[in-house]
1. In region 221-246, what residues are free of Cβ contacts under 8 Å to residues at least 60 places away in the same chain, in a helix (DSSP H, G or I) and open to solvent by less than 40 Å² (accessible area, probe 1.4 Å)?
2. Just to be sure before I move on: is Thr205 open to solvent by 30 Å² or more (accessible area, probe 1.4 Å), modelled with pLDDT of 85 or more and assigned to a loop (DSSP other than H, G, I, E, B) in the structure I sent?
3. Going by what's in this entry, would Phe72 be described as modelled with pLDDT of 95 or more and either part of a helix (DSSP H, G or I) or in contact with a strand residue (DSSP E or B) (Cβ under 6 Å, 6 or more places away or on another chain) (or both)?
4. So Gly82 passes all but one of these: (1) without any contact (Cβ under 8 Å) to a residue 12 or more places away in the chain; (2) open to solvent by less than 70 Å² (accessible area, probe 1.4 Å). Which condition number does it fail?
5. Residues of region 34-60 being open to solvent by less than 40 Å² (accessible area, probe 1.4 Å) and hydroxyl-bearing (Ser, Thr, Tyr), which ones?
6. Would you call Lys125 open to solvent by less than 100 Å² (accessible area, probe 1.4 Å) and either at pLDDT below 90 or in contact with a Pro (Cβ under 8 Å, 6 or more places away or on another chain) (or both)?
7. When the residues of region 262-289 are narrowed to those that are over 16 Å from the mean Cα position of the chain (by Cα) and of a type in the set (Val, Ile, Thr), which ends up nearest to Pro61 (Cα to Cα)?
8. Out of Leu53, Leu104, Leu88, Leu40, report the one residue that is of a type in the set (A, V, I, L, M), over 19 Å from the mean Cα position of the chain (by Cα) and at pLDDT below 90.
Amino acid sequence: MDAEIKNFIKVWITAITSLCYCYYIVAKIPRGTIRLLFLLPIFYLFTMLPCNLNSFHLGAPTAFFLGWLGNFKLLLFAFDQGPLSPPLPKLLHFISIACLPIKLKQDPSPNTKNNKNPSHKSTPKSHNPTKVTRSMLLAIKALLLAMIIRAYERRSNLHPYVILALYCCHTYLAVEIVLVLAAAPVQAIFGFEIEPQFNEPYFATSLQDFWGHRWNLMVTSILRPTIYIPIRSISANVIGSRWATLPAIISTFIVSGLAHEVIYFYFTRVHPTWEVTWFFILHGVCTAIEVVVKKAVTNRWWLHRAISGPLTIMFVAVTGGWLFFPQLIRNGVDIKVIEEYSILADFVKVNIPFHLPLGKS
């Protein structure tokens, strides 16, 4: 455990040093291909650094923050786009925004209200909780995650489908809590107004709503300018603007699937089986079909949210059990995750002793 923590510190010192290079040197290079060439060593470094970590709970966030978010944000930075585009923030702000799940809150532009693309419909106000409510919900979710972890002690007595259901809940709760905890110190220090990374995905009423407005919004905000918008623009010149969103949606999901394959490699260190890629391709195709159907029926016929909501969550859960989790389960990643909770608990007990109040034995 101590050696892994040392490796973790070394990885992040290297990453921060690399971002200093981006801030002081690369930022002074004209945007475009030349700047992109100077960033290539950083892309390689950010892709390889997570390989130095074997712990899931240290390696997984590092792989996501550097291998995915960091690389994609620097790709946009090469062309003066995205959250790192000029005017450059201060160095510490630059580093924080570059490699952490942080999206600064911005006032919606006037054009947003006039956007006719169905993938950009605003989220209902009833499901946009306040800060206090979000804090309470986060505490409840942390308690639920702890209960799920305790339930794994009896996993030998549980039906495989029950275990898969627990894995689905575990994935959502753990990812949201980790992203919030990663962003919280930066928000407290710098006073950033940060947009929430999740927007209660269990309230989703469609796949479009789930992936576009509720699940891991940090990824959505990065994939949109890097993949969705360029592909839609190219497709509009080929097949017309009416259908250009379809290849853009599918391409975005394909890239997300490939990015997950890379992250899965960090977890398993085995050759990919492409199951998780097919998971995202399936969801991309279904989301594209959903967009076509919505355009066709408009307001003439619509499923009530009491029906469409459970159907959406059920589809995500079933396809997740079919294609998302098997590679992890087959390579024992789930067992490794559960065991690390015990190791972490023992580590805390040894290094952070708890003293009982006086008068108690």
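1. Ile227, Tyr228, Ser235, Ala236, Leu246, listed by residue number.
2. Criteria met by Thr205.
3. yes
4. (1)
5. Once the filter is applied, which keeps residues that are open to solvent by less than 40 Å² (accessible area, probe 1.4 Å) and hydroxyl-bearing (Ser, Thr, Tyr), region 34-60 yields only Ser55.
6. The answer is no for Lys125.
7. Across region 262-289, the extreme among qualifying residues is Thr268.
8. Exactly one of Leu53, Leu104, Leu88, Leu40 is of a type in the set (A, V, I, L, M), over 19 Å from the mean Cα position of the chain (by Cα) and at pLDDT below 90, namely Leu88.
The values are calculated or read from the model by the stated rules, or taken from the named source; none is laboratory data. Predicted model only: the values in this text are computed from it and were never measured. Ideal geometry is used to build each Cβ from the backbone, glycine not excepted, and the neighbour counts take in all protein chains shown. Heads up: the accessible areas ignore ligands, DNA and RNA and are worked out on the full protein's heavy atoms, side chains in. Shrake-Rupley method; radii C 1.70, N 1.55, O 1.52, S 1.80 Å.
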